[in-house]
Protein chains: 2
Amino acid sequence: MLRRTNQLSLASRLFSGAASRMMSAPLESSKLQIRSTTKPSTPKNNEDLGFGKTFTDHMLAVEWTQEKGWGAPEIKPYGNLSLDPSCAVFHYGFELFEGLKAYRTPDNKITMFRPDKNMERLNKSAARICLPTVDGEEVIKLMGKLIEQDKHLVPKGQGYALYLRPTMIGTTAALGVSAPDRALLFVIASPVGPYYKTGFKAVRLEATDYATRAWPGGCGDKKLGANYAPCVLPQKQAAERGYQQNLWLFGPEKYITEVGTMNVFFVFKDAKTGKKELVTAPLDGTILEGVTRDSILTLAEQNLSSDEWTISERYFSIKEVEERAAKGELVEAFGAGTAAVVSPIKEIGWNGKDINVPLQDGKQSGPLTETIAKWIADIQYGNVKHGNWSREVTGPL
Amino acid sequence: MLRRTNQLSLASRLFSGAASRMMSAPLESSKLQIRSTTKPSTPKNNEDLGFGKTFTDHMLAVEWTQEKGWGAPEIKPYGNLSLDPSCAVFHYGFELFEGLKAYRTPDNKITMFRPDKNMERLNKSAARICLPTVDGEEVIKLMGKLIEQDKHLVPKGQGYALYLRPTMIGTTAALGVSAPDRALLFVIASPVGPYYKTGFKAVRLEATDYATRAWPGGCGDKKLGANYAPCVLPQKQAAERGYQQNLWLFGPEKYITEVGTMNVFFVFKDAKTGKKELVTAPLDGTILEGVTRDSILTLAEQNLSSDEWTISERYFSIKEVEERAAKGELVEAFGAGTAAVVSPIKEIGWNGKDINVPLQDGKQSGPLTETIAKWIADIQYGNVKHGNWSREVTGPL
């Protein structure tokens, strides 16, 4: 009987803990404090922009404690984090991130592309590793303020953008493995150029079946640091054998899941009917819920004729790809993610052979790959309006 | 042909990269620089020692760059790390750690318990996520120097120890997902008390089959941060239902793999023959290669009579545990790890029922659990010598 009582009191302590967390302060953009740099930088030339190597003058930071909730958000000069070496983030992988871009439109507005989707995923990632969740709209407002603060560093021109990196880390300074009672949400911003400086460059992939990216019951569908470091060795090994990236397979069926750190799409064409299929792996808990993936599926459904096309989220294997390539039914393949938007594939090393993926004559992609890239760029750069996908930061900047 | 040439040149660049890494400076303890604190602390009372909440006056740190290799090791006052917010460790889980203890023997020597095993595993973890490896013996020497520096803080008394936490993080300040070209190895030290202050306290576990700790082709056998944050939610959910920890199951067979963040052992007794079996999951790539696990298997092989005992590293499922409990053949179970050494189990929640694990009358463990704890403590505290398991830090301190 005593034991049962102990259980109940343990449970009630935990539930009251949950209640006090609910009563603690939410993240409020109205509490923003801004401390500006005394040395604003001058923009780099577009041709000098890499990916995520240089950052804007300021960063956004908000601290959270289990006791008090979210503190006042702060925009401050970009600078080092000072953290106790026992902090949870250094030992137990309490870290998650997001990646999204802000674009300068031809009429000189700045917009973020679908930031609500990133905030939705940020909260799913946070819940999975017991970090605090946020009101996504408040963080979107704060990211807008950060962009405004450094607006002179948002590059101009098609293909150029400001990459935003919201990150949350557990900062409890103790070595017990438990849910952090302190966290830091920060956002840094990097002016970036086009992933492929001279148009598309199709890549060669090595299919990886000796290492596994994600597993049912794991966390491969969340944007956690935990999913990334273990991916680098297979990529490096593929590179040593002359492939630019690796293609992740899963299970005895050798299902195709992702490419490197992107979602992946294939296009098949039925030799008899001529009907084409755009296919990607289903969201079964092992696939990152990519914003670009979702955008492609949405636009394909809206723009492709159902007489000619089927759009599928289904399991498909490297064996199917190999067989259909042999029959001439493999017509395109591409990776999809925020950094490159779409990344065409020209060859897949598998089982000692290279499977060839067709490209258009004299081009580095298939026709649908090229079309999808244009659909998305047109929305991102404000040439075409699509629902509320483009979120304007403020008036003309 | 051009493509083939490019591949070769890519490969040769990579191999020359590997070669230059090999030629870069190794980690050398002889280069140690010591900067002592001006405010040495006074030891806490033993009864005030928690686990990993307070640290000694100094820490060890060594920087590595791909270009130059390992720099000069430094012992310096314990203090915050200052890191660029774009560092790989905050975004992509480039982090690994080790845990080991130093003990004060009755004749006032200080010894580390099997530090070579930790260094061996540290190097396996590092290789898995493309961080640099070390000469383990050099790091052991440096940890000895750190202990010597703070020797007044190594607690006295059975059950007390100095917990050492070697940690390596990737510190490249850029957002591309690739092998870090900068890293930091640091060691912090925490004076700790016995895990169970008043002797053993057997725990109730909830068997978890809705989440998966590790999988084939993943990295569950390495001590990476990536393996820890995702474990906390199932532990928290078990706690909300009145269980102190969770028991990890794997696959449709519901194999028992680990308990919380420890290895796990079960003892069965054949009802017909009376022969007992000590069993733990095999090292198939999904199980952490625990130093305590290895020590227990080694000591059991040396000390238990093969007439009475079988020692098995084999797959066994929660269903086998349930069936054998029903037949009265389940006689003991315990977790095994550096922090608690052994942690007895008294009940396992599974499938809506609690499986009872016997304890000795009036005690909080089974007889073998108690015996094993004593075997290991005797070696750790220098009452019994066992090969080179105890590594003396220096002369009398």
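The values are calculated or read from the model by the stated rules, or taken from the named source; none is laboratory data. Keep in mind it's a predicted model, so treat the numbers as computed, not measured. Positions of Cβ are backbone-derived with ideal geometry, glycine not excepted, and every protein chain shown enters the neighbour counts.
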### Query
Is there a residue being outside any helix (DSSP H, G or I) and closer than 23 Å to A:ILE376 by Cβ anywhere in region A:134-154?
yes
### Query
How many residues, within region B:292-338, are closer than 29 Å to B:TYR195 by Cα, touching a Leu at 6+ places or on another chain (Cβ under 7 Å) and not in a strand (DSSP E or B)?
4
### Task
Pull up region A:75-124, narrow it to residues that are part of a helix (DSSP H, G or I) and more than 18 Å from the chain's Cα centre (by Cα), then point me to the one that is surrounded by the most Cβ atoms within 10 Å (Cβ to Cβ).
A:ALA88
#### Entry: Every residue from region B:367-397 that is out of contact with any Asp or Glu (no Cβ under 6 Å at 6 or more places or on another chain), assigned to a loop (DSSP other than H, G, I, E, B) and of a type outside the set (Ser, Thr, Tyr)
B:GLY382, B:ASN383, B:LYS385, B:HIS386, B:GLY387, B:ASN388, B:TRP389, B:VAL393, B:GLY395, B:PRO396, B:LEU397
### Query
How many residues are away from every other protein chain (no Cβ under 12 Å) and either surrounded by 17 or more Cβ atoms within 10 Å (Cβ to Cβ) or under 24 Å from the mean Cα position of the chain (by Cα) (or both) if we restrict to region A:55-70?
7
### Query
All but one of (1) within 13 Å of chain A (Cβ to nearest Cβ); (2) in a loop (DSSP other than H, G, I, E, B); (3) among the polar types (S, T, N, Q) hold for B:GLN158; which doesn't?
(1)
### Query
Regarding A:LEU146, is this residue at pLDDT 95 or above, more than 9 Å from chain B (Cβ to nearest Cβ), more than 17 Å from the chain's Cα centre (by Cα) and surrounded by 21 or more Cβ atoms within 10 Å (Cβ to Cβ)?
yes
### Message
Quick check on my filter: what residues within region B:315-338 are within 30 Å of B:TYR160 (Cα to Cα) and surrounded by 20 or more Cβ atoms within 10 Å (Cβ to Cβ)?
### Response
B:GLU332, B:ALA333, B:PHE334, B:GLY335, B:ALA336, B:GLY337, B:THR338
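Restricting attention to region A:29-41, and to residues there that are touching a residue at least 40 places away in the same chain (Cβ under 8 Å) and surrounded by fewer than 17 Cβ atoms within 10 Å (Cβ to Cβ), which single residue is nearest to A:GLY157 (Cα to Cα)?
Checking each candidate, the answer is A:SER41.
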### Query
Can you find even one residue in region B:166-173 that is closer than 20 Å to B:THR261 by Cα, more than 8 Å from chain A (Cβ to nearest Cβ) and either in contact with a His (Cβ under 9 Å, 6 or more places away or on another chain) or touching a residue at least 24 places away in the same chain (Cβ under 8 Å) (or both)?
yes
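Output yes when any residue across region B:226-244 is in a strand (DSSP E or B), buried (at least 20 other Cβ atoms within 10 Å of the Cβ) and at negative phi, and no when none is.
No, there is no match, as no residue in region B:226-244 is in a strand (DSSP E or B), buried (at least 20 other Cβ atoms within 10 Å of the Cβ) and at negative phi.
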### Message
Can you find, within region B:190-211, the residue that is nearest to B:PHE51 (Cα to Cα) among those that are within 11 Å of chain A (Cβ to nearest Cβ) and either in a strand (DSSP E or B) or in contact with a His (Cβ under 9 Å, 6 or more places away or on another chain) (or both)?
### Response
B:VAL192
